[in-house]
Amino acid sequence: IHIPSSRRTRNVSVLREAAADLKQSISYISREKSEIGKLTLCCAGVNLVMSSLMIIGLPVIVMQLLRFSESEASRLYGFMQAALAVGGLAGGVGAGVLGARLKVGNSWRLIAYCGILLGPIGVILMIDGPAYLTYAALTAVGMVIMALSSIYTIQIMSYIQMTVPQEMIGKVISWIIAVSTCAQPVGQMVYGFLFEKLDHGVFIIFYAAAALGLLIAWYSRKASGELGGEMQPIF
């Protein structure tokens, strides 16, 4: 993506210029290119629902609910953190390797897969399955969700950078990153409250997250449908 450098003459203060840029970018993604605004909400939704659940929910379950000894819980959680990091890295690599095979019009399927994967975790937690089985399922699902959500985010961001006019790229991307980043601590706060109140019914949280994930996928599909282009399978 080539972004030419052009020097502008500043006629107003930095704050006024920043405010004007912000107003221009909001107008662009809400009116001129509203599908980009909708995809921005989808990226924020992924951070709000999926990423926050991985960050807050998994350590609570491993460290407090699975009845491991303190040392064993710490060791297993360390392995889980490594697995989640590998999943995120694998998603980044996968987005590059798959490249042209990925279609933005079908990117919603990645989030739908994430929502579907949360269902079995809710079942395992509801029946209070063996601790190591629950741990293995959480680690595997978390790893896959991190990979799929990374591919989704990279795909959407790449599409936006390639379609937005060059003079608008920095403004639009800054707004998207700001919204997505602010969504994560909100999700963490909500999950922290829920895990504290539903310590004996955490499976409900996973069922709710699964439903929200499918809702985000549906909204992403609706937004992607406005992009036009050929609709082909992702994989």
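Only one of the values (i) 0.93; (ii) 1.09; (iii) 1.14 was calculated from this structure for Cα Rg over 2.2 N^0.38 Å; name its label. Only one listed value fits the structure, namely (iii). Span-like helix check, the chain: qualifying full DSSP H segments, with Cα axial length of 27 Å or more and mean Kyte-Doolittle of 1.0 or more, are 108-126, 131-163, 202-225.
Estimated at 0.36 nm per residue, the fully extended path between Ile177 and Glu196 surpasses their Cα-Cα distance by 3.9 nm.
Highest mobility in the GNM of the chain, judged by mean-square fluctuation with C-alpha springs under 10 Å and restricted to Ala20, Ala136, Ala208, is found for Ala20. For Arg101, the solvent-accessible surface computed with a 1.4 Å probe is close to 140 Å², ligands and nucleic acids excluded.
Remark: for residue pairs Lys33/Lys197; Lys23/Lys197; Lys171/Lys222; Lys23/Lys103, the C-alpha separation exceeds 32 Å in Lys33/Lys197; Lys23/Lys197.
When the residues Met54, Met189, Met126 are ordered by accessible surface, computed with a 1.4 Å probe over the protein chains alone, the sequence from largest down reads Met189, Met126, Met54.
Its alpha carbons considered, segment 106-146 gives a radius of gyration followed by a Dmax of 11.2, 37 Å. Computed as a quarter of the hull surface, the mean projected area of the alpha carbon convex hull for segment 51-142 stands at 6.3 nm².
Fully extending the segment from Ala140 to Arg16, taken as 0.36 nm per residue of separation minus the present Cα-Cα distance, adds 39.8 nm. Fully extending the segment from Ser158 to Ser71 would add 27.1 nm, taking 0.36 nm per residue of separation and subtracting the current Cα-Cα distance.
The Rg/Rh ratio of segment 116-235, with Rg taken over Cα atoms and Rh as the Kirkwood radius over Cα pairs, comes to 1.04. What does the helix-only formula give at 222 nm for the chain: each DSSP H stretch with n ≥ 4 adding -39500 (n - 2.57), the total divided by the residues, and the result rounded to the nearest 500 deg cm²/dmol? One gets -24000 deg cm²/dmol as the mean residue ellipticity at 222 nm.
Note on the chain: GNM, Cα springs under 10 Å; of Ala178, Ala217, Ala18, the largest mean-square fluctuation is that of Ala18. For Arg75, the accessible area of its heavy atoms, probed at 1.4 Å with every protein chain present, is near 120 square angstrom.
The values are calculated or read from the model by the stated rules, or taken from the named source; none is laboratory data. None of these values were measured; they are calculated from a predicted model. Remember, those area values only see protein heavy atoms, side chains included, never the ligands or the DNA or RNA. Shrake-Rupley method; radii C 1.70, N 1.55, O 1.52, S 1.80 Å.
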